[in-house]
Amino acid sequence: MHYPHVEDIPMMTKQGQNSEWSLNTIPRYKALLYVAQDDTMRNLIESVIDEFDKEVVPKIPQLRTAMIYNDFNQNNIIAKVSTTKDSKDVDQHTLDIIGIIDFNDICYSCILFEIGIALAYMMYIQKEGDRLAACRQFLQGYELSISLTKTEWQLLPLCVAARCVQTILGGLYSYEQDPTNEYLRSDVEDAYGVLKYIRSIPSQKIVKYWRGQASD
């Protein structure tokens, strides 16, 4: 097993910016549209790529940047279950994050992209109930440390949709190369469900809800 060293970070960050999983590379995904399963899926995905190219790409030079993890999802989290007793002596379980793994996609990029990627994965696993609610809690916690700018808020739903596009096209393409490996497309269905959902709601409405400016 290889663990990254401090001297590896400059090379890793440069590679991460050009990785197929970096949101910087969304415009390149047009080349993979052919793997989309039907016209409805293909048209929806293409609309996201076109909008990202028009609305996000020109603003990248002005967006805040930092060293970002670039792949925050449930499979890369190490968690510990703690059990305590409540006032009625009933066990209460809490899940504490104690670490993260897999630093291959780390790069110097937009803070906005880090958040959009994390929210996309949160919505993938929220199969029942309000998919936006968990994101709202995450964002409320995030803003205790870093407040998003007006532009970052405006572009956030589109960045979530862009990560869905990467998951769908990347998964279908990888599966096309190796049809024996079902894992390669394991998130495609969930990502497509989230993509249809988030594109069915006006971005302004989503942002207002996430910021606590609309009723539940």
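Yes or no, residue by residue, for (1) more than 19 Å from residue 124 (Cα to Cα); (2) out of contact with any strand residue (DSSP E or B) (no Cβ under 9 Å at 6 or more places or on another chain); (3) open to solvent by 60 Å² or more (accessible area, probe 1.4 Å):
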position	(1), (2), (3)
160	no, yes, no
167	no, yes, no
170	no, yes, no
179	yes, yes, yes
200	no, yes, yes
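Table: residues versus (1) in contact with a Lys or Arg (Cβ under 6 Å, 6 or more places away or on another chain); (2) under 19 Å from residue 44 (Cβ atoms); (3) of a type outside the set (Phe, Trp, Tyr).
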{"site": "122", "(1), (2), (3)": "no, no, yes"}
{"site": "155", "(1), (2), (3)": "no, yes, yes"}
{"site": "167", "(1), (2), (3)": "no, yes, yes"}
{"site": "173", "(1), (2), (3)": "no, yes, no"}
{"site": "192", "(1), (2), (3)": "no, yes, no"}
{"site": "201", "(1), (2), (3)": "no, yes, yes"}
{"site": "211", "(1), (2), (3)": "no, no, yes"}
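Any idea how many residues of region 53-75 are touching a Cys at 6+ places or on another chain (Cβ under 8 Å) and at negative phi? It would help to see each step written out before you state the result.
So the first thing to find is which residues in region 53-75 are touching a Cys at 6+ places or on another chain (Cβ under 8 Å), and the list is 56, 60, 63-65, 67-68, 70.
From what is left, the residues that are at negative phi are 56, 60, 63-65, 67-68.
Number of matching residues: 7.
If only residues of region 70-92 that are within 30 Å of residue 20 (Cβ to Cβ) and open to solvent by 70 Å² or more (accessible area, probe 1.4 Å) are counted, the one that is nearest to the chain's Cα centre (by Cα) is 74.
For region 139-164, a tally of residues being of a type in the set (Val, Ile, Thr) and under 10 Å from the mean Cα position of the chain (by Cα) returns 1. Taken over region 123-147, the residue count meeting the criterion of being open to solvent by 60 Å² or more (accessible area, probe 1.4 Å), touching a residue at least 24 places away in the same chain (Cβ under 8 Å) and part of a helix (DSSP H, G or I) is 2.
Test residue 120 against the stated conditions and say whether it is buried (at least 17 other Cβ atoms within 10 Å of the Cβ) and assigned to a helix (DSSP H, G or I). Quick ask: steps written out before the conclusion?
Working: buried (at least 17 other Cβ atoms within 10 Å of the Cβ): yes; assigned to a helix (DSSP H, G or I): yes.
Criteria met by residue 120.
The values are calculated or read from the model by the stated rules, or taken from the named source; none is laboratory data. Nothing here was measured: the structure is a model prediction, and the numbers come from that model. Cβ: placed from backbone, ideal geometry, glycine included. Neighbour counts: every protein chain shown. Quick note on the areas: whole protein, heavy atoms, side chains included, nothing else; ligands and nucleic acids left out. Shrake-Rupley method; radii C 1.70, N 1.55, O 1.52, S 1.80 Å.
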